[in-house]
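Here's the structure, in structure tokens; my notes come after.
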Amino acid sequence: MKAVFRLVCAACCWTAIMVAAEPVAVRLDAPEVRRQLNNTTRKLTETGELVFQHAAPAKSWIGIPIDPALIAGRELLFSVKVGAEGLPIPVANGNGIMVQLHYTKTDGGEQFLRLNVPNANSPLTRHSLKVFFPEGVKKAGLDLALLNVSGTVRFCEPMFRDALPVKDFSKFTVAGATDREEALYRENEPMKFRFQALNDGKPVEARLRLVRAGDDGKEESRIIEVAPDRPLEYVTSLDRPGYVMVRAMLLDENGEPVRRVPRPGAGARPVQYGLAAGVAPEKLRQGVPEPEDFDAFWQEEIRKLAAVPLKVLEKKAVESDDAVDVFDVKLSCAGDRPVSGYLTVPKAAKEGKKFPLRLRFDGYSVQSAPLYRDSGYITFSVNPHGIENGREAAYYRELQHSVLAGYGFRNEENQSPLTTYFHGMILRGLRAAEFIKTLPEWDGKKLEIIGGSQGAFQSVAVAGLTGGVTGCSIQIPWFCDLGGIKVGRVRGWRPDPAPGLLYYDTVNFAGRVRCPVRIDAGLSDWVCPPSGVRVLYNNLRCDKELIFRQGLDHAVYFGYDRNATPRVIAKEAGK
């Protein structure tokens, strides 16, 4: 019989006792816990629930000690039930519900392990984390908290038990579909989602965690058992223009997300599948208006950039083959860093042939600019940071953990458009566009800008602020509708709202773009939610096309088939 640990209160400490029984709730009436209660914002109910209740943003925190002798050297599953109501969705990064284990080793080293508990208004739902506690743990504890928000959160039945053996999930996937291929509905009309667990393509029994987030500000999370003849069926609705996003994640016997490596050298990712459905997306408008001085601000910054003469600081040959020559280029620029990137020139240019231009921007990362070898274009692949390209991995790791750690997410920098990290990034993009148009090998006709994610943000900004661009092709665009969260839309992954960032919102550059724009995006992109992408499309006044791919996140789900998955297409001529 598997050993189960139950935390029980003693006169002066908490202990974990082995019991040969089903898991039971923790008694939260120990003196150590009671001393931390105040019967207003932190209290115990008669049913043994620990409740934090905030009428206004506040901080509530309870610390529970754990006897290290009974966890050291063991692989255990910790779990706790959490429910919430009245949270101001979305919750800013670092705030909201917190469930955290921590321990100190005999050598003084500390480890903090935080459960992934969504900041969602939902009924009591069990969340778990598999943990290996090393030998030599001298102190351990559990922290339960509600940080810097209003609302109510309930905790009950935290416990440890031996982690169960996990079966082979190497061929498992999750599949899903909506009841309408175009995934468009009227306000308050039922939206039907269906998910099924598959093993080598065949429906199987499994446990799925369903998460719902919508542009109505509502979030939900629940765990559901499925079977070959009983898929997960979920019905919801939306009462306004926008989208509802739903995803189902495969859980193992311990309630932990099943993870797989998609390809050699890549990190493990959860086995899950996501869908989305929309209501009147053509009516979506940005959550916060653009700054009144948006154009004046950028005219002044472009003037400052022009005051710095364009100079090629370095042009070093790094690669050559039968088709192209590649150069590592550095350019003068306003700000504290130069423009850096790889310039690829077709060999045929030496014979006097002229070529169209491609300016390429990359995603959020700290690494070398990608190197492209397209013999039909002159391509300038721009590093977003102006750092060196082609260096050893240690060089980029050092930057990632020092000056570029969390770049763009420093709230104090984002208060002003002049101090945010993205200020220099966009100036470097503008200088790169200026440079590439001076190349004698250019045909003088075509300049296409291409980018994905953060690179899409840069592409739209540069296309909106630069003349002579003939085409813009972007994928999974980031930084769209930063004010959307103020009207309840799905947050995605982005910095907290700040005044300075509104001058960099991708949707604000959109109205200045005059060339044709093609957008390729995922309907279930939890990094760049579909509402922001649709606002970007709606704000464009040029010839434009949007392809939304159902079942596509910021990265590809296991089992995703680009050719078989439904697409939602919008297309309009310029105004």
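For the condition of a type in the set (Val, Ile, Thr) and closer than 24 Å to residue 182 by Cβ, what is the one hit in 485, 519? Spell out the reasoning first.
Details: 485 fails: closer than 24 Å to residue 182 by Cβ.
Just one listed residue meets the conditions, 519.
Please indicate, with yes or no, whether at least one residue in segment 283-306 is farther than 29 Å from residue 419 by Cβ, more than 21 Å from the chain's Cα centre (by Cα) and modelled with pLDDT under 95.
no
Check whether at least one residue in segment 212-227 is under 21 Å from residue 567 (Cβ atoms) and either modelled with pLDDT under 95 or not in a loop (DSSP other than H, G, I, E, B) (or both), and report yes or no.
No.
Being of a type in the set (Lys, Arg), assigned to a loop (DSSP other than H, G, I, E, B) and crowded, with 23+ Cβ neighbours inside 10 Å is the requirement here; does residue 534 meet it?
Criteria not met by residue 534.
Just to check your reading of the model, which residue among 125, 178, 152 is in contact with a Gly (Cβ under 6 Å, 6 or more places away or on another chain) and crowded, with 16+ Cβ neighbours inside 10 Å? Steps first, please.
Details: 125 fails: in contact with a Gly (Cβ under 6 Å, 6 or more places away or on another chain); 178 fails: in contact with a Gly (Cβ under 6 Å, 6 or more places away or on another chain).
Among 125, 178, 152, only 152 is in contact with a Gly (Cβ under 6 Å, 6 or more places away or on another chain) and crowded, with 16+ Cβ neighbours inside 10 Å.
In segment 162-178, what count of residues is obtained for those that are more than 27 Å from the chain's Cα centre (by Cα) and either hydroxyl-bearing (Ser, Thr, Tyr) or outside any strand (DSSP E or B) (or both)?
Number of matching residues: 6.
Could you tell me which of the residues 162, 252, 239 is among the charged types (D, E, K, R) and either free of Cβ contacts under 8 Å to residues at least 60 places away in the same chain or in contact with a Gly (Cβ under 6 Å, 6 or more places away or on another chain) (or both)?
Of the residues listed, the single one that is among the charged types (D, E, K, R) and either free of Cβ contacts under 8 Å to residues at least 60 places away in the same chain or in contact with a Gly (Cβ under 6 Å, 6 or more places away or on another chain) (or both) is 239.
When segment 424-460 is examined, which residues are found to be outside any helix (DSSP H, G or I) and buried (at least 19 other Cβ atoms within 10 Å of the Cβ)?
447, 448, 449, 450, 451, 452, 453
Restricting to segment 198-211, name every residue that is in a strand (DSSP E or B) and either surrounded by 15 or more Cβ atoms within 10 Å (Cβ to Cβ) or not charged (D, E, K, R) (or both). Break it down into steps so the answer makes sense when it comes.
Residues of segment 198-211 that are in a strand (DSSP E or B), as a first pass: 198-199, 202-203, 206-211.
Correct list: 198, 199, 203, 206, 207, 208, 209, 210, 211.
Output the residue which, of all residues in segment 327-347 that are in contact with a strand residue (DSSP E or B) (Cβ under 8 Å, 6 or more places away or on another chain) and more than 14 Å from residue 380 (Cα to Cα), is surrounded by the most Cβ atoms within 10 Å (Cβ to Cβ).
To start, the set of residues in segment 327-347 that are in contact with a strand residue (DSSP E or B) (Cβ under 8 Å, 6 or more places away or on another chain) comprises 327-333, 338-347.
Okay, now just the ones that are also more than 14 Å from residue 380 (Cα to Cα), so 332-333, 338, 347.
On the way: 332: 14, 333: 25, 338: 19, 347: 14.
The residue in question is 333.
For segment 461-497, name all the residues that are β-branched (Val, Ile, Thr), surrounded by fewer than 24 Cβ atoms within 10 Å (Cβ to Cβ), assigned to a loop (DSSP other than H, G, I, E, B) and touching a residue at least 40 places away in the same chain (Cβ under 8 Å).
Within segment 461-497, 470 is the sole residue that qualifies.
Looking only at segment 190-219, how many residues end up being within 30 Å of residue 88 (Cβ to Cβ) and touching a residue at least 60 places away in the same chain (Cβ under 8 Å)?
11
Restricting attention to segment 80-97, report how many residues are outside any loop (DSSP other than H, G, I, E, B) and surrounded by 22 or more Cβ atoms within 10 Å (Cβ to Cβ).
Final tally of qualifying residues: 5.
For segment 68-85, which residues satisfy the criterion of being under 13 Å from residue 135 (Cα atoms) and either of a type outside the set (A, V, I, L, M, F, W, C) or out of contact with any strand residue (DSSP E or B) (no Cβ under 8 Å at 6 or more places or on another chain) (or both)? Show your work before the answer.
Let us first name the residues in segment 68-85 that are under 13 Å from residue 135 (Cα atoms), namely 68-75.
Listed by number, the residues that qualify are 68, 69, 73, 74, 75.
Could you please find all residues in segment 482-522 being of a type in the set (Asp, Glu) and under 30 Å from residue 563 (Cβ atoms)?
520, the sole residue that qualifies.
Using the structure shown, decide if residue 324 is buried (at least 16 other Cβ atoms within 10 Å of the Cβ) and out of contact with any Ser or Thr (no Cβ under 6 Å at 6 or more places or on another chain).
no
Of these, 72, 92, 55, 20, which one is of a type in the set (Gly, Ala, Ser) and either touching a His at 6+ places or on another chain (Cβ under 8 Å) or modelled with pLDDT of 90 or more (or both)? If you could, list the steps in order and put the result at the bottom.
Values: 72 fails: either touching a His at 6+ places or on another chain (Cβ under 8 Å) or modelled with pLDDT of 90 or more (or both); 92 fails: either touching a His at 6+ places or on another chain (Cβ under 8 Å) or modelled with pLDDT of 90 or more (or both); 20 fails: either touching a His at 6+ places or on another chain (Cβ under 8 Å) or modelled with pLDDT of 90 or more (or both).
Sole residue among the options that is of a type in the set (Gly, Ala, Ser) and either touching a His at 6+ places or on another chain (Cβ under 8 Å) or modelled with pLDDT of 90 or more (or both): 55.
Hey, can you tell me all the residues within segment 55-77 that are closer than 18 Å to residue 156 by Cα and either touching a Gly at 6+ places or on another chain (Cβ under 8 Å) or among the hydroxyl-bearing types (Ser, Thr, Tyr) (or both)?
Result: 60, 63, 64, 65, 66, 77.
For the condition surrounded by fewer than 17 Cβ atoms within 10 Å (Cβ to Cβ), closer than 30 Å to residue 484 by Cβ, among the basic types (Lys, Arg) and touching a residue at least 12 places away in the same chain (Cβ under 8 Å), what is the one hit in 315, 311, 283, 354?
Exactly one of 315, 311, 283, 354 is surrounded by fewer than 17 Cβ atoms within 10 Å (Cβ to Cβ), closer than 30 Å to residue 484 by Cβ, among the basic types (Lys, Arg) and touching a residue at least 12 places away in the same chain (Cβ under 8 Å), namely 283.
The values are calculated or read from the model by the stated rules, or taken from the named source; none is laboratory data. In this text the structure is predicted, and so the values were computed from the model without any measurement. Cβ atoms come from the backbone with ideal geometry, glycine included; neighbour counts cover every protein chain shown.
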